[in-house]
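For reference, the structure is listed below as structure tokens.
The values are calculated or read from the model by the stated rules, or taken from the named source; none is laboratory data. Note that the structure is a prediction, hence the values are computed from the model and not measured. All Cβ positions, even for glycine, are placed from backbone atoms using ideal geometry, and neighbour counts span all protein chains on display.
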Amino acid sequence: MKRSDFLRLCFAASVTPSLARASATETPASETSATGALTEGNSAPRKLVLIAGPPSHPPLMHEFRAGTILLEKRLQSVPGLVVDRHELGWVKDEDTLDDADAVVCFSDGNGRHPVLAGEGRLAKMEGLAGNGVGFGCMHFAVEVPKDKAGSEFRKMIGGCYEHEWSCNPIWNAKFEDLPEHPITRGVKPFSITDEWYFNMRFTEGFSAEAPREVNGVRFTPVLVATPTDETRDGPYVYPKGPYPHIKAAKGRKEAVMWAVERPDGGRGFGFTGGHFHKNWQSDAFRKVILNALCWIAKVEVPAEGINSAPVDDSEIAQNLDDKRPRKKSKK
Ligand SMILES: [Zn+2]
């Protein structure tokens, strides 16, 4: 029996691991599928490993730790989901990944990306994804160096931010048409200002236009908005641009959140917002991510989506990283 199946038994039996170990030895359980994947509706808990990046940026921006704490708190009441949250850019012990159903990074990206900032991590994540483990990336974590991990990320999550191909202006995105997808359950049209990156480097054939299947990967554009001409004209946060190819696409819709279902049975998503910590006060914004964190781990999202307690000003001020205010913001 795989360790992951053993741990699921422990949870299902609601007993301590030591007791479960004894009973599992006496009564061997039937094995799950080769991937260990259980379908939605199964009562065995699913494990989401949620990784917050180290401090970055001025206060109330890129508050990865505080953001993951408030999300974790709101997922505690979701039946069938266990959240294993980590800070400072990686898991404390890589063994915890071995029975994960999904891994989600809310962190800086590029060379500081959790799965790139240490030897062997990308291969580890690829191995997990190949076994059907979900992978999600939030905000800067959608960006990786194109020659180091671009194709790997496209394979795992369908697309990524590519330096000087994608751009990162701060703009008000209006999400008027939400597709039918578990991530949008209970979400009504909304608009919010964020550093919504767009013009992702998607797998060839994927775009904001419509869901599409390429080589067995099902892609759904989840949050789609049309940047204004002024947004495309820049400046962007970093580098300031503007880029001719971004200006030339005026009027085009852009997917700033997308989801994929891979042939290995795993799921992936990318979400380009999350720059401003205060955005967690938006019920719709928060619900989209709470839904996505359930969906990526194959926990059934209820028809009304994951309802959660509002985030008031006092909670927004909690758990912030210890950072000195800086004059200039970089991406
Ligand atoms: Zn940012």
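Things worth noting here:
- Looking only at the stretch 230-287, and only at residues there that are among the β-branched types (Val, Ile, Thr) and more than 15 Å from the ligand (Cβ to nearest atom), the one that is surrounded by the fewest Cβ atoms within 10 Å (Cβ to Cβ): Thr231
- Checking Ala102 against (1) under 16 Å from the mean Cα position of the chain (by Cα); (2) within 16 Å of the ligand (Cβ to nearest atom), the condition it does not meet: (2)
- Residues (within 18 Å of the chain's Cα centre (by Cα) and β-branched (Val, Ile, Thr)) located in the stretch 181-222: Ile183, Thr184, Val187, Thr203, Val217, Thr220, Val222
- Matching strands (runs of 3 or more DSSP E) fully within the stretch 213-331 where at least 1 residues are touching a Ser or Thr at 6+ places or on another chain (Cβ under 7 Å) and modelled with pLDDT of 95 or more: 217-225, 254-261
- Within the stretch 179-191, the set of residues being surrounded by fewer than 17 Cβ atoms within 10 Å (Cβ to Cβ) and of a type outside the set (Ser, Thr, Tyr) comprises Pro179, Glu180, Lys188, Pro189.
- Cβ pairs under 8 Å, 6+ apart, first in the stretch 70-95 and more than 25 Å from Ser314 (Cβ to Cβ), second aromatic (Phe, Trp, Tyr): Val82/Phe11
- Exclusive hit being touching a Cys at 6+ places or on another chain (Cβ under 8 Å), at pLDDT 55 or above and closer than 30 Å to Phe276 by Cα, set Val78, Val49: Val78
- Residue in the stretch 93-107 that is among the aliphatic types (A, V, I, L, M), closer than 20 Å to Gly265 by Cβ, assigned to a loop (DSSP other than H, G, I, E, B) and at pLDDT 95 or above present: yes
- Qualifying positions in the stretch 52-70 - within 14 Å of Asn279 (Cα to Cα), more than 11 Å from the ligand (Cβ to nearest atom) and not in a loop (DSSP other than H, G, I, E, B): Ala66, Gly67, Thr68, Leu70
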